[in-house]
Structures are given as C-alpha cells and as structure tokens.
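Taking it in order: structure first as structure tokens, then the write-up.
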Amino acid sequence: MTTLVIRGPEDAIAAVPYMLGFHPSRSLVVIAFGGPESVCAVRVDLAVPNAERAAVVLGRNRFTEAVLLGYGTAPEVEPVAAATRTALAAGGVRTVEAIRVADGRWWSLTCRDPCCPPEGRPYDSTVTEVAAQATYAGHVVLRDRAELAASVQPLTGPARLAMRRATLRAERRHARLPAAQAVREGVALIPPLLAGPDRPTDDEVAWLGCLLTDLRVRDEAWTHMGPDAPDTVIAFWRDVLRRVEDRYAPAPASLLAMAAYTAGDGGLANVALERALAADPRYSMAILLRRVIDAGIPPSQVRVSMTSAELSAAYEREDRRAG
C-alpha cells in the first residue's frame, strides 16, 4: 500500500476508501499511528459496535494515537464514537480527532465549542493530494463492501460451464495419478503459472484446483508470497478463486487472503476468508488467518520467509519421522 500523508480531516476522509478498498457506510473506522507499524485501519459496523476489540488490537500493536471517522447519522455514530474513544484511552491510545461523515460533509466530534456549522463542512476527496497519490499508484476503490465481496465470487454463465467441463477432466486425471506424483506435479506447476505472462487456461486452473487439495502443494504456493510483485500475485489468486468450482475454493481463497493481507489490503483479505470458510468452515489455513487478522497482528509479521527448498526439507524430515 502506498504511504498516504494525512494532514487533516479531509485527508483522512480521502484516505479511508483507499485503505479499506471500498467506500464505507454505517461504519466506524479507526486510523491508528504512532506505533512500530506506520498506519493501521480498523473498521467496525455501527450496527454491531466493538469498541473493545478495536482498542485491544491497537494497544496490542503499540499504537499511541488514532483518528476516528464515523459514517452515518449522528444518532448512529456519536454513541459508538464516544465508547470507542473511552476504550482507546483506557488502552493508552489518544484520540487526536473524531469526525462524523455523511452526504459529502463532515462534523468534528471533539470540539468543546461548536466549531462546525450545523450543516457540516463540505468536502471533495477527489481533489485532495491523498487521492492524487493513491490514483497515481494505481489503487482502485470499489463502491461498497458488497462490491468488494462480489469481486471474489464465482464466475457465472459460459465461463462457469467451461470450468465445470475442465474440472471433470482434471478430476479424472487426478484420480489416476499416484499421490506422490501429484505432489511433484503441483510443486512444479506453481512457479511457471505465477510467473507466466498469460492468464492460465481453464484446464490449468482446474488442474491446479485439484492439486491444491494436497497441503504440500498449497504450502508450496504459500512460499511464493514474496513482496516483489504483490499485485500480480493477488490478481492471480483472485482469478483462480473465481474460476474453480466451489469445492476447490478453500485453498485459493486462503492464499488470496494471505497475499492481500501481507500487501496491506485487509478488506480483500477479509472477503477472501469469508469465501474460504463458507466453502469449508474447518479449513485450517483460513481459520489461522482469521485469528491473525482478528488479533491485529501486523502484515509484516506474517509474511512467509521459508523458501521452496526449505519447505521441501521440512516435509522430508516430517516424512522420515512418520516412517
């Protein structure tokens, strides 16, 4: 994620959609700073407020200051913002500013004397330096969270029919292949698919989906989560997730969540995890990542440092112990 310089309320308003990946509504967003990590954004629904969770996450990660932005009506935002400020203060996090945002206007919630007109202060995020920085860096903001969730849902129509046919071919092939050979083929297949200039074919995606059901192959893909080209890795796993049949969704959905979270895109990571857990509520990688995100562990601490060779050696040692 590009570093966005926030100098005031309108910069904060402009930054939030780029930090989340979508325009929030009926939400409270806490932007935290002053800690070991540069910036962190936590969003909670106004309908299901969780001030304590936000405070615990930020305090655990040693952030010292925060800006609160509430999106909604005054009766919706003000009690949640007040409870969050109290919880943050108890956790040692100072609220620098709290504002309410609605209908192209904002109101400060921290002024002791009225500092905003009753009708609020108008803003235009599109003309801020923050918006210019993010647009120049290629960041895209979706209309809302529902649109973000839709971006990881299965393709439909002719594309889905073609993938079903490809999946049947892949399943017949997979059934005939000895397990050890399937692992070797999966390990060998992932690097060229990730590095290839062309979009994988339906047969390649279907075959990859079958192979990823083996944890050794999935973990091989996990080792290719380096920071060099996160956008291409995210695009690859999002495409695979949307094309595989739902029974093969947990692995690519979890890998997409991992790639997104380590790149600083928590919104995409969350909707990818929802897709993984909807397909298999017991899928271990998705459960682990959900705990990591809920605990607010910074992305820099969850990036995989193990190489493919080290992973192979670890599996070989495990096989010898098991044997």
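What follows is calculated from the coordinates using simple rules that are stated; it is not laboratory data. Computed from a prediction, not measured in an experiment: that's the story for all the values here. All Cβ positions, glycine included, derive from the backbone under ideal geometry; neighbour counts span all protein chains shown.
Some notes on this structure:
- Beta-bridge orientation, the chain: approximately 70 percent antiparallel, per DSSP, counting only bridges with both partners inside.
- Estimated from helices alone, the mean residue ellipticity of the chain at 222 nm is -17000 deg cm²/dmol (sum of -39500 (n - 2.57) over DSSP H runs with n ≥ 4, per residue).
- Per DSSP, loop trypsin sites (Lys or Arg not before Pro) in the stretch 253-323 with at most 12 further Cβ within 10 Å: ARG282
- When Rg and the Kirkwood Rh are both derived from Cα coordinates, the Rg/Rh ratio for the chain amounts to 1.03.
- Isolated Cys residues of the chain, judged by Cβ distance under 4.7 Å to other cysteines: CYS40, CYS116, CYS210
- For the stretch 9-142, the alpha carbon positions stretch 37, 36, 26 Å along the principal axes, listed from largest to smallest.
- Residue (of PRO252, TYR123, ALA313) at the positive-pole extreme of the chain, dipole from beta-carbon charges: ALA313
- Highest average packing first - 144-156, 189-201, Cβ atoms within 10 Å: 144-156, 189-201
- For the stretch 158-322, the equivalent ellipsoid derived from the Cα gyration tensor has semi-axes of 23, 20, 15 Å, listed largest first.
- Of the peptides 76-89, 172-185, 248-261, the ranking by mean beta-carbon count within 10 Å, highest at the top, reads 248-261, 76-89, 172-185.
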